[in-house]
Each structure stands twice: as C-alpha cells, then as structure tokens.
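Okay, so here's the structure we're looking at.
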Amino acid sequence: MKITEDIILENINRIFKEIDHKEADINIKEIHYDEGLNELWIIGMDRPDKSAIIGKGGWIVGRLKEDLDINSIHVESYTDFMQKEYRLKLSLDKVRSFQNTLNKEDGLYIPIENLKKTIQYKLENLSYFNLEKYLNENFRDNLDNVDNTTHKAVVALSGGVDSSFSLVLAQYLGFNPIAISVNPGTIVLPKQFRNNIDNICNQTGIQHRYIDIDYSELIKECLSGRIHPCGRCSKQIESTIFDYAIENNIPIVIFGDMLSTGSQCITDNLYNNHNIKRLNLPASLSCGKIEGKKLMKDYDFKEIKGFGCPLLYEVHRKYPHMRKYSIQRILRETRSGALEVGEALDLIWSFYKIK
C-alpha cells in the first residue's frame, strides 16, 4: 500500500471518530516511508500537530501503526527540526575547525572525518535520519577492527544509556576507544550498572578499566544535606578520566552529554597544564535518548529506570527540597530535545515514588 498524507489524515480522523474524539485540523509538513524497514516518519508543522497525531498516551499513533501495519511510526514537529538543524550546523563548523588542526596522519583524523560525514548526512536527511541504519551502512567494519594498543579516545562509561550509546557510537566512528568507569562504590555505581558495563564491553571487545576512587567525604556531605551530589560527582569523574587520558597520552575524552550541543560539542580543557579535548558525542549529533535506546537494542544492555544513582535517591528521601535541582536537570534536557515530555514526566514522577 502506498502511504500518502491523505491516507494518514483519513485514518487519524477515523480513529478520532471511533473514540468519540473531535476531529483535529492537523497540518503535516512532510512524510517519509522506508519500505525496507517498514517505518514511517510524519513531520507535523508544529508541536500541536505532533501532539494531535500522537494522541493522549500515544493512543492515536499506536492505533495508526496497527491499522497501517507499520513496524514503527516516528512523529516529529518541523519547528523542532529547525532548531536541530541550526545546532547541527554549529556542530559541523566546530568539528571542521577541530579537524583543520589535525594532519591526515593523525590518528584522530579519520574518526573526526567520520563524525563530520555523519553530521553532514543527518543535516541533509534530517526529517527521516536513521542513525542505526546509517552507521551500519557506512562504518560497520569498524566494529570488527578492535585494536587495544592504539586507542584514539577515552570514553567515560557509567553503564547508563547515554554513556553506553557514546561508547558504541565511538566504536562505529573509528575512535577505537578504551572505556573507563569511575567506581566510587555501590551507592553511586550499583550492580545493575556494572552488569551493563561488563556486558557491553565483553560484547564489543572494547578494552575497559575500573578506577576506584574514595567518595567518603562527598557521600558524608550529601547525606548531611549540605550539597546536591550530581555537580560535585561529575567534576570528580571528569578529573579522574582526564588524569587517565593524560597519563596514557590519549588526546580526547568522550562523554555522553546531550546538552552541550552546537559549538560546545568539542571543548578545550586546560587540566594540570595539559590541553585535553572533550567531545560530547551524542550532543555533536543533536541526538536524543530515543536514538540512543534504539542503537543499544541489539546489545546486552538493560535499561535502568529512574534518574540518577542510589545516593541521589537517598538524598531526595532525606531532603525533599533537593529534588528541585534534579528536576531542573531533567527540564534542561527536555528543553534541549534530548528528552521527550513523556520521558521527563516519568523521571520526575520516579522521585515521588520513594517510600
């Protein structure tokens, strides 16, 4: 069956009638149907159009998927793409600028070139870009070329979706990364995160190291209510990873940060008189968590519900006013497009399920 805009609108309005819902004046900018994947992209003109197509709780798009017998339907708004396009252009400029500092014999030149190509392709196919498909069609061979002697990047790996996504993406792009996990103990890095770390590194063949650090003073301050854990924790993890990169002459560190988009996707960091590059890999591609989860689905990886670590939840339990700082982080990720509204709501709600 040929999928057209008229067929989509006709089916949506039929579903509205069946559930006794008033028909909506939905404006669709464009559609794209991938016959091979049996996936459909619907681009609404604005967020209200996107919301109407999705329906409360995803009911409308779920029924549409069933009625059209389509594997997956992605609904986006054109206004969101305008923002994402601008960010990608800034990222491309930044990556080009960094590449111009390298010569072609530099080990980073090829992976940075691969990143640049990926950003360019996403810009040209923004409405229906499929990261997993693109990586497999262009860089699949890099997954089989693991060399544990010439790492071009360190990846900070926590066992969550964002850092694990960054590790796999770095391998696809040819960074031949080494994964480093900072281990402050189970109150920050519990068993389920360690299981993800061990499983993904075993599956990919990527070399990995745990670095134990003493968080006793930080934990004491957090549990006394003096500080929120996330800011101080992030700084200690970053400094530990930077120390490792300097000691091992690895010039770039990759983090799973999704907020540092555009011109902030690559930054210079003067640390202990050494210049270390920080690459926020998902942010460089303006990726959201949905893209990360989709890429991770073929790996031995279990998504861990909620936001943060056991220490954070204990701080929330003892000092409920601290939740607002965690919620601010979630709202920043939502505004940036890294999180969908429904995902953000679930994360915020998890803070209030503490017994």
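Please state which of the following conditions Asn249 fails to meet, knowing it meets all the rest: (1) within 26 Å of Glu340 (Cβ to Cβ); (2) of a type outside the set (A, V, I, L, M); (3) at pLDDT below 95. Every condition holds for Asn249 apart from (1). Within the range 112-167, the residues that satisfy the criterion of being aliphatic (A, V, I, L, M), in contact with a helix residue (DSSP H, G or I) (Cβ under 7 Å, 6 or more places away or on another chain) and either over 27 Å from Leu37 (Cα atoms) or open to solvent by 30 Å² or more (accessible area, probe 1.4 Å) (or both) are Ile112, Leu123, Ala153, Val154, Val155, Ala156, Leu157. With respect to the stated conditions, Leu339 fails to be among the aliphatic types (A, V, I, L, M), free of Cβ contacts under 8 Å to residues at least 60 places away in the same chain and surrounded by fewer than 20 Cβ atoms within 10 Å (Cβ to Cβ).
For Ser97, state whether it is small (Gly, Ala, Ser) and either surrounded by fewer than 20 Cβ atoms within 10 Å (Cβ to Cβ) or over 21 Å from the mean Cα position of the chain (by Cα) (or both). Full working, then the answer.
Working: small (Gly, Ala, Ser): yes; either surrounded by fewer than 20 Cβ atoms within 10 Å (Cβ to Cβ) or over 21 Å from the mean Cα position of the chain (by Cα) (or both): yes.
So Ser97 fits the description; yes.
Pairs meeting the criteria (first residue in the range 178-192 and in contact (Cβ under 8 Å) with a residue 12 or more places away in the chain, second residue open to solvent by less than 10 Å² (accessible area, probe 1.4 Å) and part of a strand (DSSP E or B), beta carbons under 9 Å, at least 6 apart or on different chains) are Ile178/Val154; Ile178/Val155; Ala179/Val154; Ala179/Val155; Ile180/Val154; Ile180/Val155; Ile180/Val253; Leu189/Ser181. Residue count for the range 97-113 under the criterion of being in a helix (DSSP H, G or I) and without any contact (Cβ under 8 Å) to a residue 60 or more places away in the chain: the result is 5.
The strands (runs of 3 or more DSSP E) found wholly in the range 1-84 and carrying at least 1 residues that are surrounded by 14 or more Cβ atoms within 10 Å (Cβ to Cβ) and small (Gly, Ala, Ser) occupy 39-44, 72-77. Of everything in the range 311-328, what is surrounded by 15 or more Cβ atoms within 10 Å (Cβ to Cβ) and in contact (Cβ under 8 Å) with a residue 40 or more places away in the chain? Give them in sequence order. Matches in the range 311-328: Leu311, Leu312, Tyr313, Glu314, Val315, Tyr319, Met322, Tyr325, Ser326. The set of residues in the range 272-305 that are in a strand (DSSP E or B), touching a Pro at 6+ places or on another chain (Cβ under 9 Å) and either among the aromatic types (Phe, Trp, Tyr) or open to solvent by less than 30 Å² (accessible area, probe 1.4 Å) (or both) contains only Ile276. Residue pairs whose Cβ atoms lie under 7 Å apart, sitting 6 or more positions apart in sequence or on different chains, and linking a residue in the range 257-280 that is under 22 Å from Leu92 (Cβ atoms) and of a type outside the set (Asp, Glu) to a partner that is part of a strand (DSSP E or B) and open to solvent by 60 Å² or more (accessible area, probe 1.4 Å), are Lys277/Asp268.
Looking only at residues of the range 306-355 that are small (Gly, Ala, Ser) and in a loop (DSSP other than H, G, I, E, B), we find that the one that is nearest to the chain's Cα centre (by Cα) is Ala338. Taking first residues from the range 127-149 that are touching a residue at least 60 places away in the same chain (Cβ under 8 Å) and within 30 Å of Asp46 (Cβ to Cβ) and partners that are open to solvent by less than 30 Å² (accessible area, probe 1.4 Å) and among the aromatic types (Phe, Trp, Tyr), the Cβ contacts under 7 Å between residues at least 6 apart in sequence or on separate chains come to Ser127/Trp41; Ser127/Phe81; Tyr128/Trp41.
The values are calculated or read from the model by the stated rules, or taken from the named source; none is laboratory data. This structure is a prediction, so every number in the text was calculated from the model and none was measured. Positions of Cβ are generated from backbone atoms using ideal geometry, with glycine treated the same way; all protein chains shown enter the neighbour counts. The accessibility values were calculated without ligands, DNA or RNA, using every heavy atom of the protein model including side chains. Shrake-Rupley method; radii C 1.70, N 1.55, O 1.52, S 1.80 Å.
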